[in-house]
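Working notes for the structure below.
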Amino acid sequence: MRSLLFVPADGGSKLDKAFASGADAVIVDLEDSIALDRKDAARASAAAFIKTAVSEAKRPRLLVRVNGIATGLTDADLDAIVPAEPDAILLPKAEGGASVIHADAKLTAREAIAGIEDGHIKILAQAIETAAGIFLAGTFNGASARLIGMTWGPEDLSAELGAETNRGPDGRLTEPYQLARSMCLFGAAAAQTAAIETIYADFRNLDGLRRDTEEARRDGFAGRLAIHPAQVAVINEVFTPTAEALAKARAIVKAFAASSGAGAIAIDGVMYDRPHLARARQVLARAGEVS
C-alpha cells in the first residue's frame with residue numbers, strides 16, 4: 001500500500017470521494033475525527049459504507065481506525081464493523097506487541113461469531129504515538145499473523161510531551177520526532193512488516209509533501225498516510241518505482257540468478273552484494289513483479 005487516506009466515518013460524501021481518490025487504501029476513522037457523542041452514529045455509518053464497498057470489483061483496501069484499547073471503546077467499534085468484513089483495522093496507540101495480541105484475540109472471537117474466516121481482518125499498528133510506544137517498538141515480531149504494517153503519529157506524541165510543535169520552520173521533523181520515526185522504521189524491520197510513514201499535515205503544500213515522501217522512500221518506508229485526496233497522487237507517484245529503478249533491480253536479480261551462490265557480482269564496473277539483491281527484490285515486489 002503506497003497511499004492510505006483517512007476519512008471520517010461520518011463524512012457522508014467524503015467517504016465516496018475517498019473511495020474514488022486513487023488511494024491504495026481508505027482508512028475509515030472512528031477515532032480522532034469523531035466526537036464522543038457521535039461514536040454510535042459513526043460506527044453505523046462505517047459499517048454500512050464498508051459492507052457496500054467491499055463488494056466492488058475494483059476498490060482500495062478498506063481499513064477502519066478503531067478507538068484505542070485503553071479507551072474502552074474498542075469492543076463497541078469491533079462489534080459494529082467486523083460483520084462488514086473490512087480488510088484491516090488501524091490500531092491506534094498500539095504500545096508493543098502485547099496490544100496487537102490483544103486486538104487479535106478480539107478479532108478472532110468476532111470473526112467466529114460472524115462466520116468470517118479466521119485471520120481475514122488484518123492489523124496495521126500505530127505503534128508510536130506515545131512515549132511508551134518508543135520503548136516497545138521492538139516487541140512486535142511474532143505478535144500476530146494479522147500484522148501487515150507499523151506506522152506512527154507525531155501529533156499525539158507531541159501533545160503528550162507538551163511540545164510547541166513537531167516540525168521546524170523548514171517543515172522538517174524536530175529531533176524528538178525524528179527519533180520516533182526511526183524507531184518505527186527499525187521496529188517494522190525487526191517485525192518483518194511494512195513501515196508506513198505518518199501524515200504530512202500541511203496538505204496544501206504538495207512540494208513539501210513530495211520532498212518529505214521522497215525522504216521516507218529513501219529511508220525504507222513502503223507507503224504513507226494521507227489526510228486529503230490531493231495528497232494521494234504525489235504519494236503514489238513517489239512510491240511507484242521508476243522505469244530506471246526497475247531496470248536496475250531486474251539487472252541485479254538476473255545477474256545473481258546467473259551466478260548461483262555468488263556473494264557479490266559486478267555490473268558495469270559496480271559491485272553489488274546480497275543486501276543489494278534484497279533491495280532489488282523489494283523494488284520489484286513494490287511494482288508487482290515476482291523476482
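The values are calculated or read from the model by the stated rules, or taken from the named source; none is laboratory data. The structure displayed is predicted, hence computed values, not measured ones. Because the Cβ atoms are built from the backbone with ideal geometry, glycine has one as well, and the counts that use them run over all protein chains shown.
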Counting only residues that are assigned to a loop (DSSP other than H, G, I, E, B) and of a type in the set (D, E, K, R), which one in the range 149-183 is surrounded by the most Cβ atoms within 10 Å (Cβ to Cβ)?
Arg172
Can you confirm whether Ala127 is surrounded by 23 or more Cβ atoms within 10 Å (Cβ to Cβ) and either small (Gly, Ala, Ser) or assigned to a strand (DSSP E or B) (or both)?
yes
Please tell me if Ala243 is of a type outside the set (Ser, Thr, Tyr), within 20 Å of Leu284 (Cβ to Cβ), at pLDDT below 85 and surrounded by fewer than 19 Cβ atoms within 10 Å (Cβ to Cβ).
yes
